[in-house]
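J.: Quick one: this structure, given as structure tokens, is what I'll be asking you about.
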Amino acid sequence: MNLRENGMYVPSSESKDIKGWLAFFLFQIACGGIISFVSIFFNISLESYEGFPELYAYIGMACDMLCALGLLGAAAYTLYAFIKRKPNAVSLGKIVVTVIMLTNIAILLMGELDDSGLGSAQRIVQTLVWNVIWLIYLSKSEQVERLFPREQRKVYKRDFLLLFIFVLPMIFLGSVMLTTLF
């Protein structure tokens, strides 16, 4: 129940609940982490690295598995931070969205696209558009500002470690694959 005392608005306790677009964002992060993990885990094979030496194929598989575990862990950690109202929650959300964007851009640049499904160019472009929307939402949303005021937000060094866990294997794998081509 909303009350007015001396002309001032007193928000109800519901105003601290995560709902609406923020709840949808967290649902999408959770589902995306699970789907990415399952998809990568069950579709990984040496045939994906056909044409490369066996050692590089195993390195590629290890990098893919690390990324799958990382995405799942990052999704869980981000969900936990938002639910527990941690000061680094918004930065974690932005980092996860950025990592997903970088991963999708790398897939587009490598050109390993499916005709349809999650790995298709159309689906990846749609995901990139949603990522831009989520970054804008996390920066401009009134609900995010109310739940996580800017002056209370923090970015921990360990949060950037999360970003490097994803970027480093992609850079390593890309450089290894490029050296085998030349």
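The values are calculated or read from the model by the stated rules, or taken from the named source; none is laboratory data. All values reported here derive from a predicted model rather than from experimental measurement. Positions of Cβ are backbone-derived with ideal geometry, glycine not excepted, and every protein chain shown enters the neighbour counts. Please note that ligands, DNA and RNA were not included when accessible areas were found on the heavy atoms of the full protein model with its side chains. Shrake-Rupley method; radii C 1.70, N 1.55, O 1.52, S 1.80 Å.
J.: Out of A30, A68, A74, report the one residue that is within 12 Å of the chain's Cα centre (by Cα), assigned to a helix (DSSP H, G or I) and at pLDDT below 85.
T.: That would be A68, the only listed residue that is within 12 Å of the chain's Cα centre (by Cα), assigned to a helix (DSSP H, G or I) and at pLDDT below 85.
J.: Still on this model: Residue by residue through the range 18-27, note down the ones that are in a helix (DSSP H, G or I) and either touching a Leu at 6+ places or on another chain (Cβ under 7 Å) or within 14 Å of S141 (Cα to Cα) (or both).
T.: G20, W21, L22, A23, F24, F25, L26 - these are the residues of the range 18-27 that are in a helix (DSSP H, G or I) and either touching a Leu at 6+ places or on another chain (Cβ under 7 Å) or within 14 Å of S141 (Cα to Cα) (or both).
J.: Continuing with the same structure: Quickly run through the range 133-159 and pick out the residues that are within 19 Å of L71 (Cβ to Cβ) and open to solvent by less than 100 Å² (accessible area, probe 1.4 Å).
T.: Within the range 133-159, W134, L135, L138, D159 meet the criteria.
J.: F37 is checked against (1) without any contact (Cβ under 8 Å) to a residue 60 or more places away in the chain; (2) open to solvent by 60 Å² or more (accessible area, probe 1.4 Å) and fails just one. What number does that condition carry?
T.: (2)
J.: Consider only pairs whose beta carbons are under 7 Å apart and that are at least six residues apart or on different chains; among these, list those whose first residue lies in the range 43-64 and is assigned to a helix (DSSP H, G or I) and whose second residue is open to solvent by 100 Å² or more (accessible area, probe 1.4 Å).
T.: Sorted first by the residue in the range 43-64, then by its partner, the pairs are C63/F172.
J.: Here is a follow-up. Of all the residues that make up the range 50-103, how many are under 18 Å from F164 (Cα atoms) and aromatic (F, W, Y)?
T.: 1
J.: Separate question: Would a scan of the range 108-117 turn up a residue that is at pLDDT 85 or above, among the small types (G, A, S) and surrounded by fewer than 15 Cβ atoms within 10 Å (Cβ to Cβ)? Working first, answer last.
T.: Going through the range 108-117, the residues at pLDDT 85 or above turn out to be none.
So far as the range 108-117 goes, no, none of its residues is at pLDDT 85 or above, among the small types (G, A, S) and surrounded by fewer than 15 Cβ atoms within 10 Å (Cβ to Cβ).
J.: Can you say whether K94 is surrounded by 14 or more Cβ atoms within 10 Å (Cβ to Cβ), among the basic types (K, R) and part of a loop (DSSP other than H, G, I, E, B), as far as the supplied structure shows?
T.: So K94 fails the test.
J.: Would you call L79 closer than 22 Å to K154 by Cα, open to solvent by less than 60 Å² (accessible area, probe 1.4 Å) and in contact with a Phe, Trp or Tyr (Cβ under 7 Å, 6 or more places away or on another chain)? First the steps, then the outcome.
T.: Values: closer than 22 Å to K154 by Cα: yes; open to solvent by less than 60 Å² (accessible area, probe 1.4 Å): yes; in contact with a Phe, Trp or Tyr (Cβ under 7 Å, 6 or more places away or on another chain): no.
Judged against the criteria, L79 is not a match.
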